[in-house]
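Novice: Have a look at the structure that comes next, please.
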Amino acid sequence: MHSYSFVPRNPLYCLLGLLYQEYRDKSTRQEIETRRLQDSQTDPEENSASEETPSETEAPSITESKAAPQISLLRNSNSRFNLWQDLPEIRSSGVLSILQPDEIKLQEAMFELVTSEASYYKSLNLLVSHFMENERLKKILHQSEAHILFSNVLDVMAVSERFLLDLEQRVEENIVISDVCDIVYQHTVNHFSVYITYVSNQTYQERAYKQLLQDKPAFREVISQLELDPKCKGLSFSSFLILPFQRITRLKLLVQNILKKVEEKSERETTALDAHKELETVVKACNEGVRKMSRTEQMISIQKKLEFKIKSVPIISHSRWLLKQGELQQMNGPKTSRTLRTKKLFREIYLFLFNDLLVICRQIPGDKYQVFDSAPRGLLRVEELEDQGQSLANVFILRLLENADDREVSYMLKASSQSEMKRWMISLAPNRRTKFVSFTSRLVDCPQIQCVHPYVAQQPDELSLELADVLNILDKTDDGWIFGERLHDQERGWFPSSMGEEILNPKIRAQNLKECFRVHKSDDSQRRKLGSRNRQ
């Protein structure tokens with residue numbers, strides 16, 4: 001790489017007028033539009049120049065934290081630049097005529113990581129200075145309430161500040177950025193555990209916030225007034241509280257974006273893979289922290305509702321969680337005699353499906369459930385029944401290879417809709433082949449969709465979606481549901497088809513898969529090594 005020493009008269013970045021929530025939304029919307037444009041092209045390379053560039057930002061007006069040192073990325077300026085190649089220092093240097101297009105795209109990807117961290121720091125700063133340090137709010141909240149509500153946000157902000165200073169220092173060394181993933185790696189390993197602490201507190205935080213809104217009118221009034229301040233740009237207090245979780249997830253995607261653009265088998269690829277692996281560890285720990293408390297509470301609640309007609313099974317376990325629950329209709333068997341025909345063909349049963357266990361019940365008075373059968377999840381098999389008329393629509397067979405009495409039994413079950421039937425079948429037997437792709441093999445091409453509307457999961461078998469997520473479509477139903485696997489983290493679940501737009505260009509789909517395999521190739525090789533060790 002060429003070296004261009006550069007010491008600016010003014011700070012290199014004086015850009016960020018957007019709060020992180022706005023920056024992130026603009027950036028993902030741009031990503032969606034870029035993909036739409038690429039999808040409409042015959043050849044994806046035709047539009048590669050505009051690939052995944054962040055959106056234009058406004059002139060800033062930053063209130064710096066009184067405790068924080070000045071960070072040049074956050075200083076006031078009249079600049080309206082947010083692309084690396086649009087900075088006047090870059091334009092005047094002549095470097096754009098020397099660098100290859102791929103290197104320019106890589107520079108933009110690294111630049112977005114830095115500028116988005118500056119925007120994120122600005123939003124954190126506002127959360128602390130505008131909300132947390134508000135004198136009226138301090139008087140209303142008990143110390144314990146404030147601690148639950150704001151958790152360790154000061155630690156998170158200090159980590160972001162240190163991270164941003166290191167990133168800025170790297171960028172100011174040379175107008176052609178050498179790398180940022182080595183800095184990401186160091187900070188993830190040494191400092192980002194503060195995110196796990198903050199995010200793990202999220203369940204308590206949400207509950208405390210709802211309780212305070214309900215119980216303390218003065219709190220509700222002050223929060224409403226603070227939200228109306230022009231500094232907040234119409235954004236809610238809760239959108240500031242969730243920032244750290246959004247940022248650590250987004251940071252992983254920004255590193256993935258860099259990884260897609262670095263030269264294969266280069267030192268920068270190795271560094272990006274290392275940074276991505278460490279970020280993935282932190283993100284998984286954050287997700288686990290969020291789930292842990294809500295899962296435990298849910299298991300205790302279910303345990304209290306169950307009465308065992310069969311030998312009792314201990315429900316509560318640290319390694320067990322609920323995957324799906326709900327009512328289905330059980331077919332009573334063939335109705336041949338005249339007397340039996342008058343009886344109901346189906347009767348209601350209720351299923352609790354955990355990650356390792358199925359419990360089959362009947363609902364009884366008092367919001368209780370009487371358990372009459374159970375089986376380990378690994379010993380379940382399902383089979384779709386071909387439609388044989390209205391009464392047998394959405395019917396499937398559930399086989400328990402070894403039930404509570406240590407014998408094989410079958411249940412003929414009817415769901416309320418096609419999507420509900422498929423959702424139960426996939427949850428009950430997750431390794432069965434789906435419509436478009438087998439779970440045990442990766443096809444070169446299968447349908448893909450990109451998220452254009454964010455979605456929050458309503459049920460345990462659903463998948464929450466962020467704008468611009470790309471997913472493989474594994475199955476779909478005629479009544480508007482898709483079972484998908486998100487490419488960037490391999491998480492699977494159901495979501496309404498109206499949340500996304502199908503990617504029709506096979507070259508774009510192939511490109512997305514290639515990038516996905518590249519990002520996760522180190523993980524795959526590790527899994528293969530572990531698999532061969534286990535077989536031995």
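What follows draws every value from the coordinates through simple rules; no lab data is involved. Just so we're clear, the structure is a prediction, and the values are computed from it rather than from any experiment. With ideal geometry, Cβ positions are generated from the backbone for all residues, glycine too; neighbour counts draw on all protein chains shown.
Novice: Near I349, within a Cβ-to-Cβ distance under 10 Å, what is the net charge of the other residues, with Lys and Arg +1 and Asp and Glu -1? It would help to have the intermediate numbers written out before the result.
Specialist: Details: positive: R347, R362; negative: E327, E348, D373.
Its environment carries a net charge of -1.
Novice: Amide H of L474 versus every other amide H placed in the peptide plane: which residues, excluding those fewer than 5 positions away on the same chain, fall under 5 Å?
Specialist: Counting only residues 5 or more places away or on other chains, the set is F483, G484, E485.
Novice: Which pairs in the list K309/K368; K261/K284; K26/K233; K284/K368 are over 23 Å apart, alpha-carbon to alpha-carbon?
Specialist: K261/K284; K284/K368
Novice: Which aspartates and glutamates does K277 reach when only Cα atoms under 14 Å apart count, and residues fewer than 8 places away in its own chain are ignored?
Specialist: D182, E269, D489, D523, D524
Novice: Mind listing the phi-derived Karplus ³J(HN,Hα) values for the range 118-134, rounded to whole Hz, using 6.51, -1.76 and 1.60 with θ = phi - 60°, and x for any glycine or proline?
Specialist: 5, 5, 4, 4, 4, 5, 4, 4, 5, 4, 6, 6, 8, 9, 4, 9, 5
Novice: Let me ask you something else. Quick one: 3J(HN,Hα) in Hz for the range 264-279, Karplus 6.51/-1.76/1.60 with θ = phi - 60°, rounded, Gly and Pro as x.
Specialist: Going residue by residue, I get 5, 6, 8, 5, 5, 5, 4, 5, 5, 4, 5, 5, 5, 4, 5, 5 Hz, with x marking Gly and Pro.
Novice: Separate question: If you wrap a convex hull around the C-alpha atoms of the range 242-325 and split its volume per residue, what is the figure in Å³?
Specialist: Details: hull volume 11.6 nm³, N = 84.
In the range 242-325, the Cα hull volume divided by residue count equals 138 Å³.
Novice: If you don't mind, another one. Tally Lys/Arg at +1 and Asp/Glu at -1 over every other residue whose Cβ is under 11 Å from the Cβ of L379; what's the total?
Specialist: -1
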